[in-house]
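Asker: Pasting in a structure now, in structure tokens, and then I'll have a few things to ask.
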Amino acid sequence: MAAPRAFLHLASSIWKWGPRDIRGLSRTVAPEGSQRKGRALLQFLADHFYDVEALREYLFRKQVLKVHQKNRSFTHIKEQYGPYIAGAYFVLKQGGAVKFQGQEWMQSNGRGRFSLDFFKFQAVPVEAVDASGCAINYQGLDNLLALKELQSLSLQRCPHVDDWCLSRLHQLAGSLQELSLAGCPQVSERGLACLHHLQKLRRLDISDLPAVSNPGLTRILVEEMLPNCEVLGADWAQGLKLGPEEQS
Amino acid sequence: MLRRALRLGVGRCPLGRGLGTRRGGSTLDWDGKVSDIKKKIQSVLPGGAWNPLYDTSHLPPEHSDVVIVGGGVLGLSVAYWLKRLEKRRGAIQVLVVDRDYTYSQASTVLSVGGIRQQFSLPENIQLSLFSVDFLRNINEYLAVVDDPPLDLQFNPLGYLLLASEKGAAIMENNVKVQRQEGAKVCLMSPEQLRNKFPWINTEGVALASYGLENEGWFDPWCLLQGLRRKVQSMGVRFCHGEVTRFISSSDRMETASGEEVTLKRIHEVHVKMDRSLEYQPVECAIVINAAGAWSGQIAELAGIGKGPPGTLQGTKLPVEPRKRYVYLWHCPQGPGLETPFVTDTSGTYFRREGLGNNYLGGCSPTEDKVWPHLAQRVPAFESLKVRSAWAGYYDYNTFDQNGVVGPHPLVVNMYFATGFSGHGLQQAPAVGRAVAEMVLEGHFQTINLNPFLFSRFYLGEKVEERNII
């Protein structure tokens, strides 16, 4: 029984490492010697044995289901306590922070526990959400889009926030003033183009987006698209090549 | 056995090289002989294609449960869903036959790549909604172990359809149907249009419908390669060849009302290899016609349409190739990053391409002059420079410009998945699933595509859509 457990351990460690950086599989992130040997061994086995391939597919499915489970919608809480409480509960469960209007920031402690006394704020709208590093995806965004008075949203370093999620943000166009997308690995300039609906936006942070092909040009185009907004991003000179006179 | 293999290997060399093409004197070409022998031994061992007379590894298999004629996005989508919905792993053998593995004339890769839910038929809207769901979760549907995830390059910027006075009422009606089915579309007046998109000239525009979510454009080549890769990993065989003949048998049967009908069943498909007279008869149970612009020719091969006109035997498949042109131009003062896929009242359309002020566009249905309409709608396009252009075929359904899905009433084991006249790419995942359900279960399960069956051509029931791009 030791050998299959070792395989499972190897497989799960590789796949834990995989989906976090969705482009890491194609980019050259050089793993250390033993991990590289482990990967090569797994690849060889998966190419030659149907069972190993099925096992790896099963482990991948489990990863995907885990993210879906985290992003389920809390319909019971929404019906009983209203959309603000449901949205706040969702964010706190994911590990983010929530600020109700007139209250302080609330966050879960290191072990994922938080107090439930915000349940009495049924009529108080949620003003700000900080979901940095949370595993929010397209489905989970349902809970946030119900917060119609949201003014500040921070989705920094969220691994599953992509262009499709950004296309849904138009529902917050009436209130959103501050948005931060810094460090999201799946957001590209195509998703940023959908932000033109958010005409009330005053601060937008699009720095450090690895999937954007041309950060300097993108920042200029986004600034043109949202004239009243302060855009924090890459410097416009980044990516410019030096001319022949300047190179010497 | 080794001696026999050696003898065959040695004896084969002059034949393989052709008479009189030996290079200089007595070069034995020992390496060539060794590789021949190795190939021979490998084919004898289990798992190889053993044929003592000649190498048949380029030919398709002799039996296959399902043969899909056409390896574009529709054919591959049907293959994917057949393998995905089969009851037991490995239950169905699927063979995809395509005569051009470079896809140089395939409609899929020459398409502009748009996807929208702004149709007037509820079935079309549902097909498009499911397809967009498929595209959004493409890395869950088409995940292959050890391969990098797919990047479809989807631009979720929406479609903007403009309507004149005459079309305004129809557009309002359409938007109502679309909203009922779950599409997120909003109506805009000319004033709202001017506020949102200041580069538009709203002269002649009475109403506009704008898709807010799940609409845009993507890279069709990426979808094709992703499907191909996944479908190969699921065990579908590919063959590079052309279908030249169907061998079928007929049965005379009587309907309930006493009429006589001749039902046909296809038993073999002859697949001819490229640039050669060699062909392989593939025994099959089901044939799927997903040949795109050439589906009409495939249907004729199966005998569809050979009969007195006005009867069911004489009803041809009304799908023919229609050439459409796409132009790429550069306009330095053109519309910015938020430009949606704009469709004008005259049928001209355009969309942004990349970040460098390049735009793709064309005109459909009629090939009028494109530039005057563009310049009239977007004054910035008065100064533009055409960079390049290409043309592709629509699998144009001359009857009602909507797809043909499902079995033929007389040729009982031929199923159609073609005729989508320009919106095949955006409906391909959903249509593939519908055809797979029809093949495996006998009826449509998730989306009811009964209005799109072949029998409507005989009965004369048109299922028409407006504003085909």
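Asker: Exactly which GluC sites (Glu not before Pro) in segment A:38-143 are in a DSSP loop and have at most 13 other Cβ atoms within 10 Å? Please report the intermediate quantities before stating the final value.
Answerer: Values: sites: A:Glu53, A:Glu57, A:Glu79, A:Glu104, A:Glu127; in loops: A:Glu104.
Those that pass, being in a loop and sparsely packed, are A:Glu104.
Asker: How much FRET efficiency would the formula 1/(1 + (r/R0)^6) give for A:Ala40 and A:Lys62, where r is the Cβ-Cβ distance and R0 is 25 Å, rounded to 0.05?
Answerer: Values: r = 23 Å, r/R0 = 0.92.
So, using R0 = 25 Å, E works out to roughly 0.60.
Asker: Which GluC sites (Glu not before Pro) in segment B:183-214 pass both tests, a DSSP loop state and at most 14 other beta-carbon atoms within 10 Å? Before the final figure, lay out the partial values.
Answerer: Values: sites: B:Glu191, B:Glu203, B:Glu213; in loops: B:Glu203, B:Glu213.
Loop-located and lightly packed - B:Glu203.
Asker: Among B:Thr108, B:Val175, B:Leu160, whose Cα sits farthest toward the positive end of the charge dipole of segment B:88-181 (+1 at Cβ of Lys/Arg, -1 at Cβ of Asp/Glu, about the Cα centre)?
Answerer: The residue sitting most towards the positive pole is B:Val175.
Asker: Which value, in nm² and rounded to one decimal, describes the direction-averaged projected area of the C-alpha convex hull of segment B:357-414?
Answerer: Values: hull surface 26.2 nm².
For segment B:357-414, averaging the hull's shadow over all directions gives 6.5 nm².
Asker: Moving to a separate point now. Hey, got the dipole for chain B? About the Cα centre, +1 on K and R Cβ, -1 on D and E Cβ, debye to the nearest 20? Walk me through the numbers on the way to the answer.
Answerer: Working: 50 positive and 47 negative charges, 358 e Å.
Using only the charged Cβ atoms, the result is roughly 1720 debye.
Asker: What full-extension length gain, to one decimal in nm, is calculated for B:Glu203 and B:His270 as 0.36 nm per residue of separation minus the Cα-Cα distance?
Answerer: Working: separation 67, 0.36 × 67 = 24.12 nm, distance 5.70 nm.
Length gained, B:Glu203 through B:His270: 18.4 nm.
Asker: Out of all DSSP beta bridges in chain B, what portion is antiparallel? Express it as a percent rounded to 5. Write out the running numbers ahead of the final one.
Answerer: Details: 58 of 79 bridges.
The answer is about 75 percent antiparallel.
Asker: Over 25 Å between Cα atoms: which of A:Lys37/A:Lys66; A:Lys120/A:Lys148; A:Lys148/B:Lys184; A:Lys200/A:Lys241; B:Lys230/B:Lys323; B:Lys87/B:Lys306 fall into that group? Don't jump to the answer; show the numbers that get you there.
Answerer: Numbers: A:Lys37/A:Lys66 27 Å; A:Lys120/A:Lys148 19 Å; A:Lys148/B:Lys184 18 Å; A:Lys200/A:Lys241 35 Å; B:Lys230/B:Lys323 31 Å; B:Lys87/B:Lys306 37 Å.
Long pairs (Cα-Cα over 25 Å): A:Lys37/A:Lys66; A:Lys200/A:Lys241; B:Lys230/B:Lys323; B:Lys87/B:Lys306.
Asker: Simple spin-label model, 7 Å along Cα-to-Cβ: B:Glu191 to A:Phe74 in nm?
Answerer: So the label points at B:Glu191 and A:Phe74 sit 4.3 nm apart.
Asker: Determine which lysines satisfy two conditions relative to B:Lys40: a Cα distance under 27 Å, and not lying fewer than 8 residues away in the same chain.
Answerer: Candidates past the 8-residue exclusion: B:Lys272.
Asker: If you don't mind, there's one more thing I want to ask. When the Karplus curve 6.51 cos²θ - 1.76 cosθ + 1.60 is applied with θ = phi - 60°, which whole-Hz ³J(HN,Hα) does each residue of segment B:321-332 get, with x for Gly and Pro?
Answerer: Running phi through 6.51 cos²θ - 1.76 cosθ + 1.60 with θ = phi - 60° gives x, 10, 7, 10, 10, 10, 10, 10, 10, 10, 9, x Hz.
Asker: Is it possible to state the helix-based mean residue ellipticity at 222 nm for chain B, with each DSSP H run of 4+ residues giving -39500 (n - 2.57), the sum divided by total residues, to the nearest 500 deg cm²/dmol? What is it? Don't skip to the end; give the middle numbers.
Answerer: Numbers: 13 runs with 142 residues, N = 469.
Estimated from H runs of four or more residues: -9000 deg cm²/dmol.
Asker: In addition: Select from B:Pro379, B:Ile200, A:Ser175 the residue farthest towards the positive end of the dipole of the protein assembly as shown; place +1 on Cβ of Lys and Arg, -1 on Cβ of Asp and Glu, and compute about the Cα centre.
Answerer: Most positive-ward Cα: A:Ser175.
Asker: Over segment A:23-160, one equal point on each Cα, no solvent: what is log10 I(q)/I(0) by the Debye formula at q = 0.12, 0.16, 0.19 Å⁻¹?
Answerer: -0.61, -0.84, -1.05
Asker: Right, next: Picking from B:Pro308, B:Leu223, B:Ala256, whose Cα lies most toward the positive end of the charge dipole for chain B (charges on Cβ: Lys, Arg +1; Asp, Glu -1)?
Answerer: Projecting each Cα onto the dipole axis, the largest value belongs to B:Leu223.
Asker: If the chain between B:Thr311 and B:Glu283 were fully stretched, how many nm would it gain, using 0.36 nm times the residue separation less the Cα-Cα distance? Write out the running numbers ahead of the final one.
Answerer: Numbers: separation 28, 0.36 × 28 = 10.08 nm, distance 2.97 nm.
Contour length minus the Cα-Cα distance gives 7.1 nm.
Asker: What ranking of A:Lys241, B:Lys166 emerges when the number of other C-beta atoms within 10 Å of each C-beta is taken as an exposure proxy, fewest first? Walk me through the intermediate numbers first.
Answerer: Details: A:Lys241 6, B:Lys166 9.
Lowest to highest Cβ neighbour count: A:Lys241, B:Lys166.
Asker: Would you calculate the separation in nanometres between label points at A:Ser115 and B:Gln105, each defined as 7 Å from the Cα along the Cα-to-beta-carbon direction?
Answerer: 7.5 nm
Asker: Okay, next question. Jot down the per residue volume, in cubic angstrom and as a whole number, of the convex hull over the alpha-carbon atoms of chain B. Intermediate values should be presented prior to the final figure.
Answerer: Numbers: hull volume 94.7 nm³, N = 469.
Dividing the Cα hull volume of chain B by its residue count gives 202 Å³.
Asker: Per the Kirkwood treatment, what hydrodynamic radius in Å, one decimal, follows for the protein assembly as shown from the mean inverse distance over all distinct Cα pairs?
Answerer: Working: mean 1/r = 0.0345 Å⁻¹.
Evaluated over the protein assembly as shown, this radius sits at 28.9 Å.
Asker: How much length, in nm to one decimal, is gained on full extension between B:Ala168 and B:Thr398, taken as 0.36 nm per residue of separation minus their Cα-Cα distance?
Answerer: Details: separation 230, 0.36 × 230 = 82.80 nm, distance 2.59 nm.
Extending this stretch completely gives an extra 80.2 nm.
Asker: Can I ask one more? Just grab the label-to-label distance for B:Glu464 and B:Asp31, each label 7 Å out from Cα along the Cβ direction, in nm (one decimal).
Answerer: With each label placed 7 Å out from Cα toward Cβ, I get 6.7 nm.
Asker: How large is the charge dipole for the protein assembly as shown, taken about the Cα centre, if only the Cβ atoms of Lys, Arg (+1) and Asp, Glu (-1) carry charge, to the nearest 20 debye? Don't jump to the answer; show the numbers that get you there.
Answerer: Values: 79 positive and 72 negative charges, 463 e Å.
In debye, rounded to 20, the protein assembly as shown gives about 2220.
Asker: Considering only Cα-Cα distances, which of the following residue pairs are longer than 19 Å: B:Lys176/B:Lys196; B:Lys369/B:Lys462; B:Lys316/B:Lys462? Could the numbers behind the result be given before it?
Answerer: Values: B:Lys176/B:Lys196 22 Å; B:Lys369/B:Lys462 30 Å; B:Lys316/B:Lys462 15 Å.
Checking Cα-Cα distances, B:Lys176/B:Lys196; B:Lys369/B:Lys462 exceed 19 Å.
Readers should treat all values here as calculations from the given coordinates under stated rules, not as data from a laboratory. This is a predicted model, so every value here is computed, not measured. Using ideal geometry, Cβ is built from the backbone for each residue, glycine included, and neighbour counts are taken over all protein chains shown.
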